[in-house]
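The values are calculated or read from the model by the stated rules, or taken from the named source; none is laboratory data. It should be emphasised that the depicted structure is a prediction, and the values quoted were computed from it without experimental measurement. Every residue, glycine among them, receives a Cβ derived from its backbone with ideal geometry; neighbour counts consider all protein chains shown.
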Amino acid sequence: MAGSVTTALTNSSLAEMLSAGHCYLPPQTGLAVTQSSTISGTLTTPLAGLAVGMAQTGTNAGAGAVIATLGPTAGAYTTSIASTGALVSATFTGDVFKIALIAAALAGNIAYGTLTTNAGTPGTSTPSQANLGTDEQAASGSYAAGGLALVPSAITQTNPVNSAAVGFSTTIQWTSATLNIAGAMIYNTSTRLSSAAAPENNRVVLVTAAVGSVTSGTLTLTAPTQDGHTGLIRLSPN
Amino acid sequence: MFFRMVITNHGKHSDAKLATVTAADLVENAANLSGQDAIDMRRLENQIADILEPHFKALSDRENGGLEKGHEHLALSYEAHPETAAAMEAEIMAAYKASPFAAKMDDAVAAANVHEVVHKWVCDAQHMHRDHFVSSGGQVGNGADLRKVPDFDPNNEHVRRWKSLYTPSTPDEHRKALHELMTGERMP
C-alpha cells in the first residue's frame with residue numbers, strides 16, 4: 001500500500017488540547033520587569049495573554065525558565081529557574097510550532113492524517129505514525145530539516161462568541177528551493193506532556209494535503225482565514 | 001483548513017504574479033457567483049491586479065535596494081509596510097466603490113477583507129525578498145535581473161538571526177532570535 005496524506009487534526013492533538021498540551025498564545029515581547037528576587041518579578045504594565053508554562057527569554061533569564069506562577073497581585077509572576085543577573089526586559093512565548101513538509105515520494109506506507117501522533121526526528125529513520133523520518137522533504141534552499149518555525153497570532157473569537165481559532169503570523173514560504181511535496185504537518189516542538197517512557201516531543205497537531213513541486217524557486221503556502229469557519233485549528237460548539 | 005499554494009520556478013514570485021494572486025484572494029467568492037455578477041467580479045479582479053502591480057514593483061525596488069545597502073535590512077519590521085499597504089487599500093476600495101458590488105456589499109466588511117488580504121500579501125512579498133537574499137547567498141533583484149551583493153556575509157548577525165528565527169534547531173534558539181529582533185537587545 002502506498003503512503004498517503006489526508007488533511008486532518010490528529011486525534012492525539014484533540015486529546016492534548018483538552019490536557020493543556022499546547023499553548024498557542026502569541027509572544028509578548030520586551031516587557032519591562034521589576035525583579036524582587038531572582039525568580040520573581042512584576043511587569044511594569046500588567047497584561048492579558050500570559051499563562052503558566054510560557055517560556056521567559058531575555059538577558060540574564062535562566063536557561064529554560066518558564067512562568068511557574070502568576071499573581072497574586074497584578075503583573076506579578078515567578079519563574080521555574082532563577083535569573084543569573086538583573087533582568088529588566090523579558091519576552092514570554094508559548095510553545096514553538098513548526099511546519100514540516102511531507103515529500104511526494106513516500107518511502108513507507110504511512111497514511112498521514114488523524115492517526116499521526118509525532119513528527120519524531122524528521123529526516124531520520126524509518127517513517128511511522130510517530131516519526132516523519134525519511135518521508136520528510138529533503139532540505140533545499142531555505143527549507144531546512146524539521147521545517148519552518150511558526151509564531152502564533154492572537155487567538156480569534158467570533159462575535160457572538162461561538163468559536164475560537166488559532167493561526168500563525170509567520171509567512172510560510174521557501175525560496176531558492178527545489179521541493180516536491182504531498183503535504184505538510186504542523187507539530188509542537190515544546191515539551192509540555194509526558195508519555196509513560198519519556199517527555200513527549202514533536203507532537204503533531206495537524207496534517208494537511210498540499211501537492212505541488214517547485215524547482216529552484218519560491219513556494220508560498222497561504223493559510224485559510226483564521227476564523228470559526230475555515231481556521232486551521234478551531235473550536236466550535238456547533 | 002486547506003492551504004493555498006503559490007509556486008514560481010527559478011526565482012521569486014514576480015510583481016505581476018503577486019498582484020494577480022492578491023486580487024484573486026480578494027475576490028475569491030467570485031467562484032460562487034453566476035451570470036452578470038460573475039463577469040463583473042472577474043472584471044473587478046483584473047482591475048485590482050492592474051492597480052496592485054506597480055505597488056508590488058515599488059515594494060520590490062525598496063526591498064532589493066535595502067538589501068543591497070546592507071544586511072540590517074533583514075532586521076526591519078516584518079509587519080506590512082504601512083504606506084504601501086494603505087495606498088493599496090485606498091485604491092482597491094476606490095475601485096470596489098465604483099463597481100456594481102458597492103451597492104450589494106457592506107463597505108465595512110469589504111474594507112476589513114481588503115485590509116487583511118493586502119497586509120498578508122505585502123508581508124509575504126517582503127518576506128520573499130529577504131528570505132531569497134539569505135537562501136541564495138546574497139542575491140537581489142527580480143527575474144532576469146538577479147545579481148549577487150558582493151559583500152554578502154553568511155555569518156552576519158542579521159543573517160544568522162533570520163535563520164534562527166525560521167529554522168531553529170531548538171525552541172530556545174527561536175525564542176532568543178524573536179526577543180532580539182523585537183527588542184533590539186543582544187543576548188550572549
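Select from the stretch B:83-134 the residues that are among the hydroxyl-bearing types (Ser, Thr, Tyr) and in a helix (DSSP H, G or I) and write down the one among them that is surrounded by the fewest Cβ atoms within 10 Å (Cβ to Cβ).
That would be B:THR84.
Filtering the stretch A:168-179 down to residues that are more than 8 Å from chain B (Cβ to nearest Cβ) and either crowded, with 22+ Cβ neighbours inside 10 Å or more than 25 Å from A:GLY231 (Cα to Cα) (or both), which residue is farthest from the chain's Cα centre (by Cα)?
The selected residue is A:THR178.
Can you spot a residue in the stretch A:132-141 that is touching a helix residue (DSSP H, G or I) at 6+ places or on another chain (Cβ under 6 Å), of a type in the set (A, V, I, L, M), in contact (Cβ under 8 Å) with a residue 24 or more places away in the chain and more than 10 Å from chain B (Cβ to nearest Cβ)?
Quick first cut of the stretch A:132-141, residues touching a helix residue (DSSP H, G or I) at 6+ places or on another chain (Cβ under 6 Å) only: A:141.
Remaining after also requiring of a type in the set (A, V, I, L, M): none.
Within the stretch A:132-141, not a single residue is touching a helix residue (DSSP H, G or I) at 6+ places or on another chain (Cβ under 6 Å), of a type in the set (A, V, I, L, M), in contact (Cβ under 8 Å) with a residue 24 or more places away in the chain and more than 10 Å from chain B (Cβ to nearest Cβ).
Hey, which of the strands (runs of 3 or more DSSP E) in the stretch A:10-84, taking only ones fully inside, have at least 2 residues that are away from every other protein chain (no Cβ under 14 Å)?
So the answer is A:28-35, A:40-43, A:67-70, A:76-79.
Scan the stretch A:118-152 for residues that are among the β-branched types (Val, Ile, Thr) and over 16 Å from the mean Cα position of the chain (by Cα) and jot them down.
Correct list: A:THR124, A:THR126, A:THR134.
Out of B:SER77, B:SER14, B:SER60, which single residue is within 14 Å of chain A (Cβ to nearest Cβ) and surrounded by 21 or more Cβ atoms within 10 Å (Cβ to Cβ)?
Going through B:SER77, B:SER14, B:SER60 in turn, just one is within 14 Å of chain A (Cβ to nearest Cβ) and surrounded by 21 or more Cβ atoms within 10 Å (Cβ to Cβ): B:SER60.
In the stretch B:139-166, which residues are surrounded by fewer than 21 Cβ atoms within 10 Å (Cβ to Cβ), within 12 Å of chain A (Cβ to nearest Cβ) and within 20 Å of A:ALA144 (Cβ to Cβ)?
B:VAL159, B:LYS163
Keeping to the stretch B:67-88, report how many residues are closer than 20 Å to B:GLY138 by Cα and either within 15 Å of the chain's Cα centre (by Cα) or acidic (Asp, Glu) (or both).
So the answer is 6.
Which condition breaks for A:ALA61 when tested against (1) touching a helix residue (DSSP H, G or I) at 6+ places or on another chain (Cβ under 8 Å); (2) more than 15 Å from A:VAL96 (Cα to Cα)?
Evaluating A:ALA61 over (1) touching a helix residue (DSSP H, G or I) at 6+ places or on another chain (Cβ under 8 Å); (2) more than 15 Å from A:VAL96 (Cα to Cα) leaves (1) as the failure.
Looking for whichever is surrounded by fewer than 23 Cβ atoms within 10 Å (Cβ to Cβ) and closer than 19 Å to A:ALA8 by Cα here; the options are A:ASN109, A:ASN162. Which one fits?
Among A:ASN109, A:ASN162, only A:ASN109 is surrounded by fewer than 23 Cβ atoms within 10 Å (Cβ to Cβ) and closer than 19 Å to A:ALA8 by Cα.
Hey, any hits in the stretch A:222-233 for a residue that's assigned to a strand (DSSP E or B), within 7 Å of chain B (Cβ to nearest Cβ) and in contact (Cβ under 8 Å) with a residue 40 or more places away in the chain?
Yes, there is a match, as at least one residue in the stretch A:222-233 is assigned to a strand (DSSP E or B), within 7 Å of chain B (Cβ to nearest Cβ) and in contact (Cβ under 8 Å) with a residue 40 or more places away in the chain.
State yes or no: is B:LEU44 under 30 Å from B:ARG160 (Cα atoms) and either crowded, with 20+ Cβ neighbours inside 10 Å or not charged (D, E, K, R) (or both)?
No, not satisfied.
Restricting the search to the stretch A:29-62, which residues are of a type in the set (A, V, I, L, M, F, W, C) and at pLDDT 95 or above?
Matches in the stretch A:29-62: A:LEU31, A:ALA32, A:VAL33, A:ILE39, A:LEU43, A:LEU50, A:ALA51, A:VAL52, A:MET54, A:ALA55, A:ALA61.
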